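Here is the structure we will look at.
The values are calculated or read from the model by the stated rules, or taken from the named source; none is laboratory data. No experiment lies behind these values; they were computed from the predicted model shown. Heads up, the Cβs are rebuilt from the backbone with ideal geometry, glycines too, and the neighbour counts pull from every protein chain shown. The area values use the complete protein model at the heavy-atom level, side chains included, leaving out ligands, DNA and RNA. Shrake-Rupley method; radii C 1.70, N 1.55, O 1.52, S 1.80 Å.
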Amino acid sequence: MKILVSPNHAAPVMTFLVVYHVGSRNEAPGNTGSAHLLEHMLFNKSTKNFGHANGHQTFQEVLYEAGADFSSTNMTTSYDRMTGFSTLSADQIGLAMRIEADRMGRALILDEERRPEMSVVRNEYEISENNPSRALSKAVWAACIVAHPYHWYPLGYRSDIEGVSTEKLREHYKNFFWPDNAEAVLVGDFDPIEALGIFDREFGGLPRSKAPIPSVITVEPPQEGERRVVVSRPGEVGLVEIAYIRPGSLHPDYIPLDVLASILSDGVNSRLYQALVETGLATDIDVRNYTLRDPFPIDVDATVAPSSSHEKVEAALKTALYAVAERGVTEEELARSKSRIEVAVIRERDGTYQLASALGEAVASADWKWFVNYLEAMKRVTAEDVRRVAKTYLIPAHATVGWFVPIRNEAPPAKAAPAPEKKAAGSKRPGAGGASQAEGARGRFADRTLHRVLPNGVILDVLANRAVPTVAVYGLALAGRQEAPVGKPAIPSLTAMMLTRGTVTRNKRAIAAILDDVGASISISADLSEATIVGSALARDTRLLLTVIADELRHPALSPEELTKAKSELRADLLRGYESTGLRARERLARLAFPTGHPFRVAGREEMLTSLDAATPADVRSFHRDRYVGSGLFLSIVGDVDTASVAALADSLFAPIPRGNRPDYNRARTEPNAPERAIETMRGKANMDFAFGQASGLRRTDPEWEAAIVANAALGQSSLTSRIGKRVRDREGLSYTLASRFFWSDYLDGVWMVDVAVAPKNLAKAIRSTREEIETYCKEGITEAEVETQKNYFAGSFRVRLGSNAGVAATLASAEKFGYGPRYLDEFPDRVRAVTREQVDAVIRSRLHPEKLHLVVAGDLDSIPE
């Protein structure tokens, strides 16, 4: 068994990851999805030393106590591999390795544990089926690949998920789970000699495979003509997708195809953006060139603009694609693409998990030498190489074209959510060639952070971290949807979009060219409580990055032409969002919990779309003037920088922003109101979401905040380690994903809510079980053991969050927003460890009221079962 190690002492964090060379490519009809179902069995079910079958704690219970959750420990399955990983404090290397060793060689795979987990996996499949873009990709790829096992999606077919036997899963485990069919990756703060000793202890005793590992022998036959598929189901926006088979990742043409994909779709100046988005035919475009071992499609897709058509979008896509094959690309396009790819790769060094994951994907579908040499190979790509691969693979007769044609939802329009996630088949590009032995950045954050309040009220933090040559910028402006002018709920989101669409001195394309040439990126978006500014670049380009951000915040052009385009794109995003059962349930619950006129009462579908259509340049200009002001701006800069010089630069760039007035948050708290039951009818959905919730009265700055998050976490924070999770997902197998939170606790108080995804036939039972767990918890209170578990989790997970420049920057800005300052990054673990059981029980009594819970169900139903 190989292990790849990359020490990095920038933060006391490490990631240990094991890649198994088994995925959906190792399945056949009848057992499709077996690797994924087996992954679920290994993720949290019983082995020799973990799990309830032998009276032990489960993997997730142990990891949760060590500070890990779904964002920092997981198992995933794709076409070429299965991966298990944990990102933990550096002193937990032994635990991380012990867990993966037990998964590899000591799994029990019990039938009594498979049966409830099968229904969890089936619910994951149903959630996937709710996503139109994923449904279209599945259909396109299945038409494009007819013989090779890449034909089916890693989740498999529903009938196979339901029908595969426990014995078949055991056979799959015995065929593939051996040390000589796996590779390990260790990245972070560790001593290599000590770490390798632990690795030898945990894995060295596992035997080699007793028989040859089964291999894939099927080769996809040549395509002999264009293929077409149409997916038609309830939805809001049309999609067009075109796929062309290309070789696997180790083929010499793969990396030139990566460059081609970037030229086609990366940034405002890309070929397809200019051909489709700028012309109003589409609202967004993307090209994906997945890193997979065997031939797989290079995938081009576009969202049809409301005023356009599938025919026009397909024709424009083909015209742009075939123009590259005929006439090639310019040296300017080539250079810009290479810069973007290089910086994207280097960013993978920013954090232990990012590097470990990228390296893991590479060894799964290529090898580690390919990973290390990727950048040099990419830099050698010529314009002629790009033209050659376009001409070789973008052949009209080899196209597979797919349309998603929406059937308009029949639900009443008054019953009104984030855009659907992008589908992922594997990594698009590899990460960096390995993190160097970096200069440490130890010591208290409060002592290392340069903190400054500019004359206009801007709060600035600058922190040096020499681990990687990047810089992360994170800003918060008090310009979220809660600040929307009366009757104009779309204005905050629209204004945030407009800030990156040109300034008074540079248009959108000129700014994109400046950033693209050095591989930098800037995004500005608005959520409920604030607008978020995120910037990233190589450290050498810090001045350029900050200069552009300041220009966009201070001098946006806000042109009518760009506003028209932004409105079209936002409309498409909103309509796609309204296809989400989860968000529809959460938004409806917010309208039940908050009175009319409350900033957190979410606008309904028709109200939002009407506001968007009516928005004018004057509306956007007025909102920008009032809300993007110094008194409401928090800015943090973290990376390989000189703090004093960067602070002086930021002062000169951001101090001219007018001070302005902070919003008035002097508002009475919202009391829980009389409980109601409501339905969001959404025809054709395979999955449902239901949400219990009520006004919480809790604000982020309340002294009981830490006790409140402990109280919530024991009840529903994790779908595997909380009370609701253990019952509804683990024991009863009713849901793949569920979570409870104190949502929207900010300067104002929000709601407490639990959201559960569920198959329609399991709705009544899941509602009953969830309510029973809530009522029991509120009656009996929390246990001492639960308090200690949650305190350990929050202290550990907070440290993990600080393992990257971006994570530190975001946490600093948030701490400043609520008045805690950089010291909060040092103090939070002690603050949460000081929480007592009595404090948590007091929060349960004061904040959770089962008798006042609203219930909303979103999905294909007309009534809520009793």
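The listed residues are ALA615, ALA650, ALA655, ALA674, and the only one of them that is closer than 24 Å to LEU861 by Cβ and modelled with pLDDT of 95 or more turns out to be ALA674. Taking the stretch 356-373 as the range and being under 25 Å from the mean Cα position of the chain (by Cα) and not charged (D, E, K, R) as the test, the residues that pass are ALA356, SER357, ALA358, LEU359, GLY360, ALA362, VAL363, ALA364, SER365, ALA366, PHE371. Hey, any hits in the stretch 673-695 for a residue that's more than 30 Å from GLY597 (Cβ to Cβ), within 24 Å of the chain's Cα centre (by Cα), of a type outside the set (A, V, I, L, M) and part of a loop (DSSP other than H, G, I, E, B)? So far as the stretch 673-695 goes, yes, one or more of its residues are more than 30 Å from GLY597 (Cβ to Cβ), within 24 Å of the chain's Cα centre (by Cα), of a type outside the set (A, V, I, L, M) and part of a loop (DSSP other than H, G, I, E, B).
Of the helices (runs of 4 or more DSSP H) lying entirely inside the stretch 600-661, the ones with 2 or more residues being among the basic types (Lys, Arg) are found at 617-627. Of all residues in the stretch 658-671, those being charged (D, E, K, R) and under 30 Å from GLY859 (Cα atoms) number 1.
Residues checked against (1) farther than 24 Å from ASN762 by Cβ; (2) touching a strand residue (DSSP E or B) at 6+ places or on another chain (Cβ under 7 Å); (3) buried (at least 18 other Cβ atoms within 10 Å of the Cβ):
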residue	(1), (2), (3)
SER652	yes, no, no
PRO658	yes, no, no
GLU671	yes, yes, no
ALA691	no, yes, yes
GLY716	no, yes, yes
ILE724	no, yes, yes
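Of all residues in the stretch 523-548, those satisfying the criterion of being in a strand (DSSP E or B) and at pLDDT 95 or above are SER523, ILE524, SER525, ALA526, ALA531, THR532, ILE533, VAL534, GLY535. For PRO455, the conditions (1) assigned to a loop (DSSP other than H, G, I, E, B); (2) in contact with a Leu (Cβ under 8 Å, 6 or more places away or on another chain) all hold with the exception of (2). Set side by side, the residues VAL216, VAL277, VAL237 differ, and just one is touching an Asp or Glu at 6+ places or on another chain (Cβ under 8 Å) and closer than 25 Å to THR500 by Cα, which is VAL277. The single residue among LEU855, LEU812 that is more than 30 Å from THR449 (Cα to Cα) and crowded, with 17+ Cβ neighbours inside 10 Å turns out to be LEU855.
So that you can scan it fast, the table gives a plain yes or no per residue for (1) touching a strand residue (DSSP E or B) at 6+ places or on another chain (Cβ under 9 Å); (2) buried (at least 22 other Cβ atoms within 10 Å of the Cβ); (3) not in a helix (DSSP H, G or I):
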{"site": "SER719", "(1), (2), (3)": "yes, yes, yes"}
{"site": "VAL728", "(1), (2), (3)": "yes, yes, no"}
{"site": "GLY733", "(1), (2), (3)": "no, no, yes"}
{"site": "TYR747", "(1), (2), (3)": "no, no, yes"}
{"site": "LYS765", "(1), (2), (3)": "yes, no, no"}
{"site": "CYS778", "(1), (2), (3)": "no, no, no"}
{"site": "GLU786", "(1), (2), (3)": "no, no, no"}
{"site": "TYR793", "(1), (2), (3)": "no, yes, no"}
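Would you check if there is a residue in the stretch 206-213 being touching a Gly at 6+ places or on another chain (Cβ under 9 Å), assigned to a loop (DSSP other than H, G, I, E, B) and surrounded by 14 or more Cβ atoms within 10 Å (Cβ to Cβ)? Yes: one or more hits.
Scanning the stretch 448-484 for residues that are touching an Asp or Glu at 6+ places or on another chain (Cβ under 6 Å), open to solvent by 10 Å² or more (accessible area, probe 1.4 Å) and modelled with pLDDT under 95 yields ARG466, PRO469.
Pairs linking a residue in the stretch 775-789 that is over 16 Å from TRP752 (Cβ atoms) and among the aromatic types (Phe, Trp, Tyr) to a residue that is open to solvent by 60 Å² or more (accessible area, probe 1.4 Å) and modelled with pLDDT under 95, with Cβ atoms under 8 Å and 6 or more positions apart or on different chains, do not occur.
Condition check ((1) more than 25 Å from the chain's Cα centre (by Cα); (2) of a type outside the set (Asp, Glu); (3) farther than 22 Å from ALA364 by Cα) across all residues:
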site: TYR244; (1), (2), (3): yes, yes, yes
site: PRO247; (1), (2), (3): yes, yes, no
site: PHE296; (1), (2), (3): no, yes, no
site: ALA315; (1), (2), (3): yes, yes, yes
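Being of a type in the set (Lys, Arg), open to solvent by 10 Å² or more (accessible area, probe 1.4 Å) and in contact with a strand residue (DSSP E or B) (Cβ under 6 Å, 6 or more places away or on another chain) is true for just one of ARG115, ARG81. Which residue is that? When all the criteria are applied, what remains is ARG81.
To keep it simple, each residue is scored yes or no on (1) in contact with a Gly (Cβ under 9 Å, 6 or more places away or on another chain); (2) under 30 Å from SER337 (Cα atoms).
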residue: THR505; (1), (2): no, yes
residue: LEU538; (1), (2): yes, yes
residue: GLU561; (1), (2): no, yes
residue: SER611; (1), (2): yes, no
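State whether one or more residues within the stretch 215-223 are open to solvent by 60 Å² or more (accessible area, probe 1.4 Å) and in a helix (DSSP H, G or I). No. Checked against the criteria, ILE198 counts as in contact with a helix residue (DSSP H, G or I) (Cβ under 7 Å, 6 or more places away or on another chain) and surrounded by fewer than 20 Cβ atoms within 10 Å (Cβ to Cβ).
The set of residues from the stretch 7-45 being under 20 Å from SER89 (Cβ atoms) and crowded, with 22+ Cβ neighbours inside 10 Å comprises ASN8, ALA10, ALA11, VAL13, MET14, THR15, PHE16, LEU17, VAL18.
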